[in-house]
Amino acid sequence: MDDDGNSFVNLDYTREFENGADWDKLMTDVYGDGLDWKYVWYSDEGVYITDATQLYTGAKLRAEWLDPRVEEPIIETDRFSGEEVVVTGLRAGEQLIVKDIEADAETDAKRMEELDKALANREGKSALQVYGSRDEIIKLDIDVANYTHSDNRKIRITLPVPEGFLDDKFDAPGGYKLKAVHFKDDGKVEVLSVEVDDAHQYMSFVVKNGFSPFYLVKTEGKENADTVKVFIENVDYGVVQAYTQERNEDSYRYERKYLPIGEYVELPYGTEIQLNPDRYYFSQLGWQGDFKSMSLIPMNGEEEGEPVLISDKDAYSSVAITQDCHIRAVFDQKPIESESDEYAMFSVFLKPSTVGGPAAEGEYTAEVQVRKYNAAEGRYENFSGWAVRIATMEELLEAKVAQSYIEYNLVGMDALEYNADTNMVTNVKPLELGKYYRIPFVITYEGKEYLLREDDEEEKYYYPYTGYIQVGVNVYYEHGFVTFNEKYSASNGTANYGNNRIAYDENTTTWKDAEPSDEFMAENFYNGTPQMYNYEFVGWQDYTGAPYGSDSKLVSPYENSLSFYAYGLFEDEKGEKYAVEAKGAEDEKPEDPENPDDTNKPDDTDKPDYRPNGGSNSSSGGGSGSSTKDYAMHGSWIADGNNWKFRKDSGEYATNTWGLINGKWYYFDAQGNMVTGWYQVGGQWYYMNPAAGANQGVMMTGWILDPAYNAWFYLNASGAMMTGWQQVNGAWYYLNPVSDGTKGVMAANTTIDGYYVNADGAWVQ
């Protein structure tokens, strides 16, 4: 509206309005020349605007167009006059008819009974009841002459509020609201919301397809209260991440506040919460959670109402909380199945010359390795006869590699160079902490050059073969909803806020070097700090639940891993720490009927010479369980030149056997010598600590870095070297299964079976 009192239609709003405002129709002559349209304004809340002076510049208004051929309404009531009743959404020739209902006592009593039932049983909403005297109910027979039905057609009816009908308890906490109870022709009864302007002058409601008696009723109930309570249940095999969010006008981000699991949270009535079902995934147990459904359970004290389905799809949902309720998800178990797809003919890996995964800041040297995909075996394998060179920018553009991919992924490629004589990549500019570097290669094999990784004829992916480098290591910040065996999960039941790249040294950097700044938190998190109802964020903790202090050493849930995780630490007003234990995580792994003799299974006591269970997840090994008693040894160590032997109290030397000595496992060969390094027993490879010192010869478990191979290996809880795809602490790794001299070596910075594993060896999902 301008200063002269002229009002203007905002076409953006008119197109979005539910009942019409079709500008295309207005601009055509489909209804005849000289058609005079009129418009009616409603506020953003849907309240009818009758006075042009109520319009103001910048107000968010919605417009509807009135076909002037719609006849004036017929009004036959004592409370309303024809000029004050407005209807929008009608078509040419249709006419609104409003009458007082003159029903006999029996019909009225039946309708009142149906009205009470409709108010008490509203699907997914809290129960209501009539407020005050039933004599105040306004009973109208509303009909439309010449009405033509159409799907989802909406008619808005606006009526003046009768004098004295509403008082100061209307729409107040503990007061009452208005509802229109519609007795439909098909025998069903529906309860419609009634919108009232601030001055209590007009009330309006929307009807879809059909007219019949309407009772305008004052109602009371939980809907009129200030707050409602919601409870996110802790269920088997999965968890529901629930949060509220608001738009931060300064940062344009949505600020999230999470709901704790297993306790009530009080929220303002009508608060919308976002819901995300998150399955648990346990390769060690051989199963994963399988989401089935999520429902809202109305609660009346301890009594449960009829469940209302929210979602049966494994995806985000949202629901407005209008009653005390529980949110209950249902997960089932299903076996973990792995699939392999051929994504490219080759994979390129840069093997750093320095120890460890990521590059250090500054200098970098790495050997180039190329593997070829074996479709029959479904994996990448080493092969000979290849050569590589760095692709030029002209070649990339000619091959239709997207400019955006080049600018985002290949930035900094000029910092590296490749020497074909030495087959080494080195840096020619200092590598910067926190950056990723990719170097595009052209692979020559059997006289043909390969630049692109495309192999899908229907969807072309114009990505070049690249070697991948990351500088520094990541610290991931997790919300930490639930714990598993007193350890926080890094991939299940948590919400990832972001990460922070830090410098890496072999001693593992301290927390004070990685702790995020306020600026980082504001830029990378939805909020400046993580937020949770009923609790206050007090800092960060590691995966065991130990708080990080300024001088704490970073602790990874993955042995010898180069990725670190920090979990939000929350405390209530009493100082009690928030921690919820996952349910269903302790189920035993089902037997694998297809591979009863799988030698990769720990504790396979049927294998000859196989060591009984004695592994813990520590690098020094360990033993427990009744099956260890036959291997427990007492005696003394005897030096024999450069070898060590163990003489038992019986006087015999330990030979060709495992020995559990002072809680640590050793192996002695046929000559009685303590074994060090790699050694094969019963068809399995084990690694006994070769380093001189108190732990020399001790059987290792978990991740080990073998300096002879400059590569990582993984040993299970029984010490056996693992191969193929293995899941460790929630992440998948690929360990070379081929006896090519590098069996068991962890793959990194490459694509295996169509799955990309990063510099830490973990599959990037």
Listed by chain and number, the residues whose amide H is under 5 Å from that of TRP725, excluding neighbours fewer than 5 places away on the same chain and using placed H, are LEU735
Rounded to the nearest 10 Å², the accessible area of SER739 using a 1.4 Å probe with every protein chain kept is 100 Å²
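Do the alpha carbons of any pairs in LYS139/LYS218; LYS110/LYS184; LYS400/LYS429; LYS487/LYS553 sit beyond 19 Å of each other, and which pairs?
Check vs 19 Å cut-off fails for LYS400/LYS429.
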With x for Gly and Pro, the residue-by-residue ³J(HN,Hα) of the stretch 431-448, computed from phi through the Karplus equation 6.51 cos²θ - 1.76 cosθ + 1.60 at θ = phi - 60° and given in whole Hz, is 7, 9, 4, x, 9, 10, 10, 10, 10, x, 10, 9, 9, 9, 8, 6, x, 10
When every protein chain stays in place and a 1.4 Å probe is rolled, LYS574, LYS372, LYS169 sorted by accessible area with the largest first are LYS574, LYS169, LYS372
The answer for SER212, listing residues at least 5 apart or on another chain whose modeled amide H is closer than 5 Å to its amide H, is ILE142
Set LYS313/LYS743; LYS292/LYS372; LYS435/LYS583; LYS177/LYS574; LYS125/LYS154, cut-off 30 Å on Cα-Cα distance; pairs above it are LYS313/LYS743; LYS292/LYS372; LYS435/LYS583; LYS177/LYS574
For the stretch 538-545, Karplus-derived ³J(HN,Hα) couplings (6.51, -1.76, 1.60; θ = phi - 60°; whole Hz; x for glycine and proline) come out as 10, x, 10, 9, 8, 5, 8, x
Regression test value, accessible area per residue of the stretch 144-215, probe 1.4 Å, units Å², expected 47 Å²
Here the stretch 389-406 yields Karplus 3J(HN,Hα) values (6.51, -1.76, 1.60; θ = phi - 60°; whole Hz; Gly and Pro given as x) of 8, 6, 6, 8, 4, 4, 5, 5, 5, 5, 7, 6, 5, 4, 4, 5, 5, 5
By accessible area (1.4 Å), largest first, ILE502, ILE74 order as ILE74, ILE502
Checking the stretch 375-417 for GluC sites (Glu not before Pro) in a loop per DSSP with at most 13 other beta-carbon atoms within 10 Å yields GLU377
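The values are calculated or read from the model by the stated rules, or taken from the named source; none is laboratory data. Model, not experiment: these values are computed from the prediction. Cβ atoms come from the backbone with ideal geometry, glycine included; neighbour counts cover every protein chain shown. Ligands, DNA and RNA are stripped out before the accessible areas are found, and what is left, the full protein with its side chains, is counted by its heavy atoms. Shrake-Rupley method; radii C 1.70, N 1.55, O 1.52, S 1.80 Å.
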